[in-house]
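This report refers to the structure that appears directly beneath it.
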Amino acid sequence: MIFEVDSFLALTVGIIVFFVGMNINRRVAFLRDYNIPEPVTGGILASLAALTLFLGTGVELNYDLAIRDVLLVYFFTSIGINARISDLIAGGKPLAVLLALTLAYIVFQNIVGVSAAALIGQPTAIGVLTGSASLIGGHGTSIAWAPEIAANHGVPNALEIGVASATLGLVIASLLGGPIAKYLLSKHQLSGASGVEPMVGIPHDAEDTEQINHVSLMAVILALHVAIILGFFLNQAVAAMGLNLPLFVSCLLVAIAMSNALPRVFPRLHWPARTKALALVSDFSLGLFIAMSLMGMQLWSIAGLAGPLFFILALQAIAAVLFIVFVLFRMMGGGYLAAVLSAGFAGFSLGATPTAIANMTAVTKSHGPAPTAFIILPLVGAFFVDITNAFVIQFFLGL
């Protein structure tokens, strides 16, 4: 029996899930110390509760997550409004290095997947599905490639494997980023620079020096909506030229342009960049997005694929940790920015860009801002990965 949960009720459940995670994190020091985001805690518990319901009664919860996708656009637009040209300039070299490392990791991830599949006697295509197709690629890429793999590579249940791998990858990504950052920060005694404003969220120890009221919130929402509307038209224009970008990328770019142009053209304009009101909307959007994403996982669909899938993903997680700690952290400079990006890369390489942002937000709220990280990681994930990933997937399927 399938129980359909409409979008309004799904949003309500998402808020409850967030509060559950927040209260658990307050009581469990381990979760706070290792920078596990509150919505991750609540979302995983909610998905386990849904699994228990299914096993006990046969009822499947199917959430309408349309509002979740809107929250994603809100969140990335808020990042764009917070962006400054100085941050973008500072991100030039780190952006290039992170891009090169990411492109190399796409190949590495497929090598791990194909090798692991060969160890347990599975086809190469399963290794690709549990490699960059579902992990860096996420649900969308795995679903897109599943028909091709099912039809031409002898994996009739390719869709189920790809979706299951992407789902478990999201969980692993949510849990690994914080502990990796904790290890690197402790080992190298790193912390964020003082006096730097955060890109995302309000720090846990923030002082209430700025008033937040309905006027400041309405100003933020107006700025976000204008950027989103313009971003939608930009997205349509880019699509007409044959280049498909996620809507949140177009809105991010428009917001960056607006945030760096409007205050100069209209100096008396009260622009909401890096205000607590914008941070409030940003926190709200990201927290609910992650909570709803994780609570919507249908873990029962993974049960029949448990053995081989768990083995391959366990190797992928180990490989990701080793790559991040011994390659990415050092190549990114070995400083605080590198540690924050390490948490983000764990979320991005095994899950999705919003997971990466949630990991980095949890770290920076406790240890200090790292504005450059919140600019370069979404740009790498949005512009370059999907195109490269398509070529790499095609190459490995041909082996």
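The values are calculated or read from the model by the stated rules, or taken from the named source; none is laboratory data. Bear in mind that the values here come from a model prediction, so they are computed numbers and not experimental data. Cβ placement follows ideal geometry from the backbone for every residue including glycine, while neighbour counts extend to all protein chains displayed. In case anyone asks, the SASA skips ligands and DNA or RNA and just uses the protein heavy atoms, side chains included. Shrake-Rupley method; radii C 1.70, N 1.55, O 1.52, S 1.80 Å.
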**Q.** Contacts under 7 angstrom Cβ, first residue in the stretch 373-399 being among the β-branched types (Val, Ile, Thr), partner at pLDDT below 80, 6 or more apart
**A.** 375/83; 375/87; 375/88; 375/91; 376/91
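Return a yes/no flag: does the stretch 267-283 have any residue that is in contact with a helix residue (DSSP H, G or I) (Cβ under 9 Å, 6 or more places away or on another chain), assigned to a helix (DSSP H, G or I) and open to solvent by 50 Å² or more (accessible area, probe 1.4 Å). Break it down stepwise before answering.
Kept after step one, since they are in contact with a helix residue (DSSP H, G or I) (Cβ under 9 Å, 6 or more places away or on another chain), are these residues of the stretch 267-283: 269-283.
From what is left, the residues that are assigned to a helix (DSSP H, G or I) are 276-283.
After this cut, where a residue has to be open to solvent by 50 Å² or more (accessible area, probe 1.4 Å) as well, the list is 280.
Taking every residue of the stretch 267-283 in turn, at least one turns out to be in contact with a helix residue (DSSP H, G or I) (Cβ under 9 Å, 6 or more places away or on another chain), assigned to a helix (DSSP H, G or I) and open to solvent by 50 Å² or more (accessible area, probe 1.4 Å).
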**Q.** Failed condition for residue 333, given (1) more than 20 Å from residue 116 (Cα to Cα); (2) outside any loop (DSSP other than H, G, I, E, B)
**A.** (2)
Q: Name every residue in the stretch 228-244 that is of a type in the set (A, V, I, L, M, F, W, C), open to solvent by less than 80 Å² (accessible area, probe 1.4 Å) and without any contact (Cβ under 8 Å) to a residue 24 or more places away in the chain, in order of residue number.
A: 234, 237, 238, 239
Q: Read through the list (1) closer than 25 Å to residue 142 by Cβ; (2) of a type outside the set (A, V, I, L, M); (3) open to solvent by less than 30 Å² (accessible area, probe 1.4 Å), then give the number of the only condition that residue 364 fails.
A: (1)
(Q) Could you go through the stretch 198-210 and let me know if any residue there is modelled with pLDDT under 90 and not in a loop (DSSP other than H, G, I, E, B). (A) no
**Q.** Among the residues listed as 322, 294, 328, 315, the single one being open to solvent by less than 20 Å² (accessible area, probe 1.4 Å), at pLDDT 95 or above and assigned to a helix (DSSP H, G or I)
**A.** 328
Q: Considering every residue within the stretch 247-263, establish whether at least one is open to solvent by 60 Å² or more (accessible area, probe 1.4 Å) and assigned to a loop (DSSP other than H, G, I, E, B).
A: no
Q) Give me the pairs: first residue in the stretch 48-74 and in a helix (DSSP H, G or I), second residue at pLDDT 90 or above and among the charged types (D, E, K, R), beta-carbon distance under 6 Å, and six or more apart or on different chains, which are they? A) 54/60
